[in-house]
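What follows is a single structure, written as structure tokens, with notes after it.
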Amino acid sequence: MKLFYTPNSPFARIARVAVLELRLSDRIQMQKVTVRDPNSNLLNYNPTGKVPTLATDDGFILSETRIICVYLNHLNPKIKLIADISHAFLQQLEGITSGFLDGIAVWVREIRRSRNEQSPGIIELERARALRVLDYFEKISDKLDQTPKLAHISLASALGLEICLPELQWRQNYPQLARWYDEFSERPSLQMTKPDS
């Protein structure tokens with residue numbers, strides 16, 4: 001199996017962390033690729049050209065982070081990475097962290113455009129969304145533990161984008177969340193998948 005990724009994609013980082021936490025490194029080859037490149041090897045597997053993409057041994061191509069993580073968890077069901085119906089709180093966190101990460105990714109892409117092409121409205125919308133979500137996570141930070149669940153991995157991957165988005169500067173206003181993040185980020189799987197600075 002091959003997992004296609006780029007070093008700075010938070011979505012691919014979640015899948016890479018899942019591979020490590022599920023102890024599947026010996027079964028899955030990590031393949032670094034380029035995106036938005038008409039000559040990328042990724043396009044031979046996934047016409048969307050998006051990461052993460054997982055090429056399974058059965059010849060299937062899986063994309064979208066949660067779909068890939070569900071499949072990976074199926075390969076090692078002894079470790080429960082994905083929240084099931086009996087864990088409504090974790091499912092709630094998965095949904096909120098997914099929306100948070102989507103918004104942060106839009107914000108990062110928008111500020112990378114040349115200034116005359118940027119949309120101040122989109123930037124403000126995503127900034128406001130991020131702050132609302134950060135408020136929420138600060139309030140419930142005592143319910144966050146250090147267990148490597150998809151919700152926690154997704155949240156850490158979103159917060160790790162502080163490297164790419166210094167405009168957010170979330171740490172000072174969210175000290176409990178920062179403490180959780182700093183501890184969770186010490187996991188070897190998070191250390192091995194840090195985005196490039």
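If you check Asn41 against the conditions, is it free of Cβ contacts under 8 Å to residues at least 40 places away in the same chain and more than 16 Å from Pro148 (Cα to Cα)? For Asn41, the condition - free of Cβ contacts under 8 Å to residues at least 40 places away in the same chain and more than 16 Å from Pro148 (Cα to Cα) - is met. Of the candidates Arg66, Arg27, Arg13, Arg109, the single residue that is within 21 Å of Leu155 (Cα to Cα), of a type in the set (Lys, Arg) and touching a Leu at 6+ places or on another chain (Cβ under 8 Å) is Arg66. Look at Val33 and say whether it is over 21 Å from Ser98 (Cα atoms), buried (at least 18 other Cβ atoms within 10 Å of the Cβ) and outside the structural domain of Ser98 (by TED's automatic domain parsing). So Val33 passes the test. Taking first residues from segment 84-111 that are of a type outside the set (D, E, K, R) and partners that are exposed (fewer than 13 other Cβ atoms within 10 Å of the Cβ) and assigned to a helix (DSSP H, G or I), the Cβ contacts under 9 Å between residues at least 6 apart in sequence or on separate chains come to Phe89/Lys143; Leu93/Lys143.
Checking Ile96, Ile67 one by one, the residue that is in the same structural domain as Phe137 (by TED's automatic domain parsing) and in a helix (DSSP H, G or I) is Ile96 and no other. Filter segment 1-27 for residues that are touching a strand residue (DSSP E or B) at 6+ places or on another chain (Cβ under 6 Å) and either more than 27 Å from Val108 (Cβ to Cβ) or surrounded by fewer than 20 Cβ atoms within 10 Å (Cβ to Cβ) (or both) and give the result. Answer for segment 1-27, where residues must be touching a strand residue (DSSP E or B) at 6+ places or on another chain (Cβ under 6 Å) and either more than 27 Å from Val108 (Cβ to Cβ) or surrounded by fewer than 20 Cβ atoms within 10 Å (Cβ to Cβ) (or both): just Lys2.
Number of residues in segment 54-75 that are surrounded by 13 or more Cβ atoms within 10 Å (Cβ to Cβ) and either closer than 14 Å to Pro148 by Cα or not polar (S, T, N, Q) (or both) equals 14. Going by the structure shown, is Ser86 loosely packed, with under 15 Cβ neighbours inside 10 Å and of a type in the set (Ser, Thr, Tyr)? The answer is yes for Ser86. All conditions in (1) buried (at least 18 other Cβ atoms within 10 Å of the Cβ); (2) at pLDDT below 95; (3) not in a helix (DSSP H, G or I) hold for Val51, with the sole exception of (2). Which condition number in (1) at pLDDT 95 or above; (2) among the polar types (S, T, N, Q); (3) not in a helix (DSSP H, G or I) is the one that Ser86 fails? Tallying (1) at pLDDT 95 or above; (2) among the polar types (S, T, N, Q); (3) not in a helix (DSSP H, G or I), Ser86 fails exactly one: (1). Within segment 1-33, the residues that satisfy the criterion of being at pLDDT 95 or above, under 12 Å from the mean Cα position of the chain (by Cα) and assigned to a helix (DSSP H, G or I) are Phe11, Ala12, Arg13, Ile14, Ala15, Arg16, Val17, Ala18. Picking from residues in segment 107-153 that are in contact with a Lys or Arg (Cβ under 9 Å, 6 or more places away or on another chain) and part of a helix (DSSP H, G or I), the one that is surrounded by the fewest Cβ atoms within 10 Å (Cβ to Cβ) is Ser141.
The values are calculated or read from the model by the stated rules, or taken from the named source; none is laboratory data. The structure presented is a predicted model; accordingly, all values stated were derived computationally and were not measured. Cβ: placed from backbone, ideal geometry, glycine included. Neighbour counts: every protein chain shown.
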